[in-house]
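Heads up, the thing below is written out as structure tokens.
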Amino acid sequence: MSGKNALACDLERLTEHVEELYGPLAEADPYRLRFHLMPPVGWLNDPNGLCYFGGWYHVFYQYSPFHPEGGVKLWGHYRSRDLLCWEKLPVMLYPDQPWCVHGAYSGSALIEDGIMYLYYTGNIKYAGDYDHITAGRAGNTALAVSRDGIAVSAHELLMENRDYPQDLTCHVRDPKVWAQDGTYYMIQGARTKSGQGVILVFGSEDKIHWSYRNRITTPEPFGYMWECPDLFELDGQWFLLCLPQGVARQGNRYQNQYTSGYFPLYGDFRGSCTLGDYEELDCGFDFYAPQTFHDGRRRLLLGWMGMPDAEYANPTVKNGWQHCMTVPCELHNVGGRLVRTPAAELDGLHGRTLAPEEAEVFDLQCRVGGNGRILIRGCAALEWEDGILRLSLLGDCGAGRTVRSAETETVRQLRILADTSSLEIFVNGGRQVLSARYYPEPGAQGVRLDGVEDAVIWEMKAMQILPGKF
Ligand code: FRU
């Protein structure tokens, strides 16, 4: 007997229907990516519930199949044994419970005793004359349990807004859960009534009953809302990742609509702790809502290669889809700073080496001395000169994106992962990263290299995405 209610059954049929109907249009888009996860149709945002479960990497994501510019959110689902060959699985979470009727929002996975516990935010946004900050919205904390990693066997509402501290607005969301020292911890992002972004810490003895313990923030407000928190220890240092909203641009910092970054955390997150200086995780146009997880060997990160409320566009919308994930990256603690490098598995997609004039979808690795410039497919210029790194998208290829600059240490080494319509640029072994979508003339080829030594350019082959066999 199916465990799904009537709403979930119909939403499942509708999802399958739009995927069948509009999938071919999306698939025929020349900007469809070769080695990045995308929505089959419609819209994708945050990665959710990232985990390694029963020998599979699971990637869930915020999915709106019914419209390429977003709508109610479901949890779409891919899994892979090797991060290269993926299976597309049925949607894991529909907004089919009374506490999440306007979206199964972001959340995380806890794996224990062969069971997958998915904690997520049940979003409710009432129509009406509300500000949707202090009224007209609910951020419920919910749990979905899966025994096979493919379908949900039980749902439960865990907390409502009235269970959170009373000085908060309705904006509380994105639970990240883990087990530590025989207890369970959950952090959530929140906005106070006085307009400060904070992280809430909850504890539980049984994964079901949660109580508020304390909060983490900066002494002075740093933005009005912090979304999608993540907290972990890496080689002896704790890091708090979050998305502060409402931080004004300062020179070359915080150039995007919203910033995505981290604070080193000193002390114990459960009580007395302080945050060090905030660092942005990416200096490109399109990077948001990263989530990390440990696969038993290393801490991996995936992010959304997009930006909410951005002024720029993606021409893929006319073909019925929008957005993608970053490649999976490994995180390292280098002298107290987070450094990220593409997961080694990606080398498995290397094809033959290319001459610069042939490069289109590629992995370029080179050494650099002094100032220099790389022009990619005639329309994306990466320049580094006297401590400034600059990515310019020329003509129409940025679809509204123009330029991003960052202060940089001496550039010694570059790695550029270029897909049909994305760039991920890793500077000095991932000490700085720039992620961006771009839209060159389909078929345009070639990189022009100035001030670059020992460049090797591999063709990147396509990942496989197969219908799930289970
Ligand atoms: C971040 C975010 C989350 C929320 C989700 C909704 O991009 O706004 O805070 O849970 O997206 O899709």
Q) Which whole-number percent gives the relative contact order of the chain, counting Cα pairs below 8 Å spaced six or more residues apart? A) 14 percent
Q: Starting at the first residue of the range 19-32, write each ³J(HN,Hα) from the Karplus equation 6.51 cos²θ - 1.76 cosθ + 1.60 with θ = phi - 60°, in whole Hz, x for Gly and Pro.
A: 5, 5, 6, 9, x, x, 5, 4, 4, 7, 5, x, 8, 4
Q | 5 angstrom amide H check on Phe53, placed H, neighbours 5+ away | A | His58
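Looking at the range 393-443, I'd like the Rg to Rh ratio, where Rg is from alpha-carbon atoms and Rh is Kirkwood's inverse mean 1/r.
A ratio of 1.01.
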Q) Expressed as a fraction of 2.2 N^0.38 Å, the rule-of-thumb size for a compact globular protein of N residues, what is the C-alpha radius of gyration of the range 1-109? A) 1.06
Q: Using a/c under 1.5 as the rounded threshold, could you call the range 309-463 rounded, prolate or oblate? The axes a ≥ b ≥ c are square roots of the C-alpha gyration tensor eigenvalues, and prolate needs a/b larger than b/c, oblate otherwise.
A: rounded
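Would the range 40-160 count as rounded, prolate or oblate if I go by the C-alpha gyration tensor, calling it rounded below 1.5 in a/c and otherwise prolate when a/b exceeds b/c, oblate otherwise?
Oblate, because a/c is 1.5 or more while a/b does not exceed b/c.
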(Q) Defining a contact as two alpha carbons under 8 Å apart and six or more residues distant in sequence, what relative contact order in percent does the range 180-318 show? (A) 16 percent
Q. Over the heavy atoms of Ser260, what accessible area does a 1.4 Å probe trace out, to the nearest 10 Å²?
A. 10 Å²
**Q.** For the range 56-85 and the range 9-43, distance of Cα centres in Å
**A.** 11 Å
Q. Measuring from the lowest to the highest alpha carbon on each principal axis, how far does the range 368-460 reach, largest first, in angstroms?
A. 33, 27, 20
**Q.** Sulfur and carbon atoms: percent of accessible area, the range 389-450 [1.4 Å]
**A.** 44 percent
Q: For the range 118-134, take each phi angle, set θ = phi - 60°, evaluate the Karplus expression 6.51 cos²θ - 1.76 cosθ + 1.60, and give the result in whole Hz per residue in order, putting x for glycine and proline.
A: 9, 9, 8, 9, x, 9, 10, 10, 6, 6, x, 8, 10, 7, 6, 10, 9
**Q.** Rounded, prolate or oblate (a/c below 1.5 giving rounded, otherwise prolate when a/b exceeds b/c) for the range 88-226 by Cα gyration tensor
**A.** oblate
(Q) With no other cysteine's Cβ closer than 4.7 Å, which Cys residues of the chain count as lacking a disulfide-compatible partner? (A) Cys9, Cys51, Cys85, Cys100, Cys170, Cys228, Cys242, Cys273, Cys283, Cys324, Cys329, Cys366
Q: Please compute P(r) over all alpha-carbon pairs of the range 164-289, binned at 10 Å starting from zero, and give each bin as a whole-number percent.
A: 13, 45, 33, 9, 1
**Q.** Descending semi-axes in Å of the range 111-181, equivalent ellipsoid built from Cα gyration tensor
**A.** 28, 15, 8
Q) If you keep only loop residues by DSSP, which trypsin sites (Lys or Arg not before Pro) in the range 400-462 have at most 16 other Cβ atoms within 10 Å of their Cβ? A) Arg412, Lys461
Q) What is the magnitude of the charge dipole of the range 30-83 about its Cα centre, with +1 placed on the Cβ of each Lys and Arg, -1 on the Cβ of each Asp and Glu, and no other charges, expressed in debye to the nearest 20? A) 160 debye
**Q.** Sparse-neighbourhood loop sites, chymotrypsin sites (Phe, Trp or Tyr not before Pro) in the range 260-302 - DSSP loop, at most 12 other Cβ within 10 angstrom
**A.** none
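Assigning unit charges at the beta carbon (Lys, Arg +1; Asp, Glu -1) and nothing else, what dipole magnitude in debye, to the nearest 20, does the chain show about its Cα centre?
Working: 42 positive and 59 negative charges, 46 e Å.
Value, rounded to 20: 220 debye.
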Q. So what J values fall out for the range 336-351 if you push phi through Karplus, 6.51 cos²θ - 1.76 cosθ + 1.60 with θ = phi - 60°, rounded to Hz, Gly and Pro as x?
A. x, 10, 7, 10, 10, 10, x, 3, 4, 3, 4, 4, x, 9, 5, x
(Q) Accessible area of the range 1-160 with a 1.4 Å probe: how many percent of it is carbon plus sulfur? (A) 53 percent
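Among 421-428, 42-49, how do they line up from the highest to the lowest mean number of other beta-carbon atoms within 10 Å?
In decreasing order of mean packing, 421-428, 42-49 become 42-49, 421-428.
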Q. Can you tell me the accessible area per residue over the range 49-184, all protein chains present, probe 1.4 angstrom, in square angstrom?
A. 36 Å²
Q) Which value at 222 nm does the chain reach when only helices count, each DSSP H run of 4 or more adding -39,500 (n - 2.57), with the total divided by all residues and rounded to the nearest 500 deg cm²/dmol? A) -1500 deg cm²/dmol
Q. Hey, if we sort Arg213, Arg373 by accessible area with the 1.4 Å probe, largest down, what's the order?
A. Arg213, Arg373
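Select from the range 75-134 those chymotrypsin sites (Phe, Trp or Tyr not before Pro) which occupy a DSSP coil region and have at most 12 other Cβ atoms within 10 Å, ordered by residue number. Mind showing how you got there, number by number?
Details: sites: Trp75, Tyr78, Trp86, Trp99, Tyr105, Tyr117, Tyr119, Tyr120, Tyr126, Tyr130; in loops: Tyr126, Tyr130.
Counting only loop positions with at most 12 other Cβ atoms within 10 Å, the chymotrypsin sites (Phe, Trp or Tyr not before Pro) in the range 75-134 are Tyr126.
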Q) Kirkwood Rh over Cα pairs of the chain into Stokes-Einstein at 25 °C, 0.890 mPa s: D in µm²/s? A) 108 µm²/s
**Q.** Normalised contact order of the range 277-389, rounded percent, pairs of Cα under 8 Å and 6 or more residues apart
**A.** 14 percent
Q. Carbon and sulfur together cover what percent of the accessible area of the range 199-347 at a 1.4 Å probe radius?
A. 46 percent
Q. If you find the alpha carbon centre of the range 382-417 and of the range 166-199, how far apart are they in angstrom?
A. 35 Å
Q) Could you give the accessible area per residue of the range 270-405, probe 1.4 Å, as a whole number in Å²? A) 36 Å²
Q | the range 289-356 - Rg over Rh from alpha carbon coordinates, Kirkwood radius | A | 1.07
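The values are calculated or read from the model by the stated rules, or taken from the named source; none is laboratory data. Model, not experiment: these values are computed from the prediction. No Cβ is skipped: glycine too gets one built from the backbone with ideal geometry, and neighbour counts run over all protein chains shown. These area figures cover heavy atoms from the full protein model, side chains too; ligands, DNA and RNA do not enter into them. Shrake-Rupley method; radii C 1.70, N 1.55, O 1.52, S 1.80 Å.
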